[in-house]
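What follows is one structure encoded as structure tokens, with my remarks underneath.
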Amino acid sequence: MKTALYILLPLLSAPAWAIDGKTLHEKNCVSCHQADIYKRDNRKVKSFPSLATAVENCNTQLGTGWFPEDVDAVVDYLNKQHYKFKKP
């Protein structure tokens with residue numbers, strides 16, 4: 001029985017339905033936003049809450065149909081990759 005648990009444990013820790021912010025971003029955002037938009041000096045996003053608002057606005061305007069956890073995954077991806085804001 002222990003052997004079966006060790007085999008199943010990795011599968012349980014990374015479910016197939018896990019949300020990947022990078023993939024969502026690549027499929028939905030890069031057609032409008034190339035990486036340089038996140039690095040420009042005069043960027044509009046200046047805090048973690050404004051990043052979350054910006055991603056939600058894009059979700060709404062584009063009708064992507066993302067769930068709140070999808071938006072959160074993209075926000076987390078963008079923050080880790082580009083912004084590095086402290087999460088509230």
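Values in this text are rule-based calculations from the coordinates and carry no lab data. Quick caveat, the model's predicted, so the values are computed rather than measured. Reconstructed Cβ throughout: ideal geometry from the backbone, glycine too, with neighbour counts over all protein chains shown.
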Looking at segment 53-82 only, could you name the residues that are in a loop (DSSP other than H, G, I, E, B) and of a type in the set (Ser, Thr, Tyr)?
Thr64
For segment 34-52 the number of residues that are part of a loop (DSSP other than H, G, I, E, B) and free of Cβ contacts under 8 Å to residues at least 40 places away in the same chain is 9
Hits in segment 21-33 (condition: free of Cβ contacts under 8 Å to residues at least 24 places away in the same chain and part of a helix (DSSP H, G or I))
Thr23, Glu26, Lys27
